[in-house]
Each structure stands twice: as structure tokens, then as C-alpha cells.
1. Can you give me the number of residues within the stretch 51-83 that are loosely packed, with under 12 Cβ neighbours inside 10 Å and more than 22 Å from Phe35 (Cα to Cα)?
2. How many of the residues in the stretch 74-86 are among the hydrophobic types (A, V, I, L, M, F, W, C) and either assigned to a loop (DSSP other than H, G, I, E, B) or in contact (Cβ under 8 Å) with a residue 12 or more places away in the chain (or both)?
3. Give all pairs with beta carbons closer than 9 Å in which a residue from the stretch 43-64 that is in contact (Cβ under 8 Å) with a residue 24 or more places away in the chain and of a type in the set (A, V, I, L, M) meets a residue that is assigned to a loop (DSSP other than H, G, I, E, B) and exposed (fewer than 12 other Cβ atoms within 10 Å of the Cβ); count only pairs at least 6 apart in sequence or on separate chains.
4. Considering only the stretch 34-86, state which residues are among the acidic types (Asp, Glu) and out of contact with any helix residue (DSSP H, G or I) (no Cβ under 6 Å at 6 or more places or on another chain).
5. Counting only residues that are of a type outside the set (D, E, K, R) and outside any helix (DSSP H, G or I), which one in the stretch 44-73 is farthest from Gln14 (Cα to Cα)?
Amino acid sequence: MAAQAKSPAACRLQEQFAWLEGTLAEPGYQTGEAFTAVEAYLFMLCCWAQQVGVDLSACPRLLALRERVAARPALLAALKAQGLLK
């Protein structure tokens, strides 16, 4: 999303993602070493952000979490079952 085209809502979203970024530890999950619903929700938020053009490049921990969750066999199976993954 270009800087000049950012709406107040997009700016607020990026502020919130920056805050989330600061709460994440590498390489674990939000609540420690175990996968929880928190990670599933963060994955969904990161995917939605990407779909609407929110730039998460300043959030490498969130992007890494998104990649770790995306590689989970159960998620891949669920996406395939829903026709969202070929």
C-alpha cells in the first residue's frame, strides 16, 4: 500500500501489527513452544492483511510465524479440503 494512499484505518492496522510484532518471540509461538488458537488467529490476520494490501515487511516475526503455521500439515489438509489449496 503506497504511503500517500494509506487511510487512517490502514495506518492503525500497521500500528497494531507493529505492536504484535513486538510481542512475538523467535522461533516459538505467541504463548510459548505450543501451537494454540492464538497462532491460528494471527495466521488468519496476516493472510487478510496481505489480501487487502497491508504491508507487513516491517514485521519479520509475524511473517515467520505465518510461514510456520502455513507449513503445518493440519492447516494444509484443511485448506485442501476447502478447495483453497490445490
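1. Summing the residues that are loosely packed, with under 12 Cβ neighbours inside 10 Å and more than 22 Å from Phe35 (Cα to Cα) in the stretch 51-83 gives 6.
2. The total comes to 3.
3. Short answer, once both residue conditions are applied: Ala64/Glu26; Ala64/Pro27.
4. Answer for the stretch 34-86, where residues must be among the acidic types (Asp, Glu) and out of contact with any helix residue (DSSP H, G or I) (no Cβ under 6 Å at 6 or more places or on another chain): Asp55, Glu67.
5. Ala71
Here's the yes/no breakdown for (1) part of a helix (DSSP H, G or I); (2) at pLDDT below 85; (3) surrounded by 10 or more Cβ atoms within 10 Å (Cβ to Cβ):
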| position | (1), (2), (3) |
| --- | --- |
| Met1 | no, yes, yes |
| Gln4 | yes, yes, no |
| Leu13 | yes, no, yes |
| Gln16 | yes, no, yes |
| Glu21 | yes, no, yes |
| Ala25 | no, yes, yes |
| Phe35 | no, no, yes |
| Glu39 | yes, no, yes |
| Leu42 | yes, no, yes |
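The values are calculated or read from the model by the stated rules, or taken from the named source; none is laboratory data. If you're wondering where the values come from, they're calculated on a predicted model, not measured in any experiment. When we count neighbours, we look across all protein chains shown, and the Cβ atoms used for this are built from the backbone with ideal geometry, even at glycine.
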